[in-house]
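Peer 1: Next up is a structure, given as structure tokens.
The numbers here are math on the coordinates, done by the rules we state, and not lab data. The shown structure was predicted, so the numbers you read here are calculated from the model rather than taken from an experiment. Using ideal geometry, Cβ is built from the backbone for each residue, glycine included, and neighbour counts are taken over all protein chains shown.
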Amino acid sequence: MRLLVYVVPVAMAIYALFDLYRSEPMERAGVQPLVWVVVIVGLPVIGPIAWIFVSTTRRAEAQAARSPGRTPNPGTPGRSPLRPPRRTGPVAPDDDPDFLRHLDQQWRNDRGDDAGTPGPDLPKS
């Protein structure tokens, strides 16, 4: 277990250095590769984490800019421009208000109640 304290930072630094080696200039956020090497090696845990965060963020932004179907939505505050859009329709039958209303009406018919009024937890149409 004590070995992990040494192995994890070294593995992170090796991964970050290889990732830096095969990165493109736009992924480096305008910083020279030699400076990134100094940051990665000089700051044992923080340096590799900083590189991984910066490079993956820049890659995702570049991919979002290239993908026509995943454009940022500036009108939605608090949503990430890289998050896929929400589904517009019901996902499952128990999320469908019409299905739930039909079940409620069936239940009320079986009990003999008034079937025209929705239950307290169902939306009115």
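Peer 1: With r as the distance between the Cβ atoms of Q63 and I14 and R0 = 30 Å, compute the FRET efficiency 1/(1 + (r/R0)^6) and round to 0.05.
Peer 2: 0.75
Peer 1: Grab the beta carbon distance between Y6 and D96, set R0 = 41 Å, and tell me the FRET efficiency rounded to 0.05.
Peer 2: Efficiency, from the Cβ-Cβ distance: 0.15.
Peer 1: Let me check I've understood the local charge: for P25, count other residues with C-beta under 15 angstrom from its C-beta, Lys and Arg +1, Asp and Glu -1. What total comes out?
Peer 2: Here the charged neighbours net out to 0.
Peer 1: How much length is gained if the chain between I46 and Q106 is pulled fully straight, taking 0.36 nm per residue apart and subtracting their Cα-Cα distance, in nm to one decimal?
Peer 2: Full-extension gain reported as 15.5 nm.
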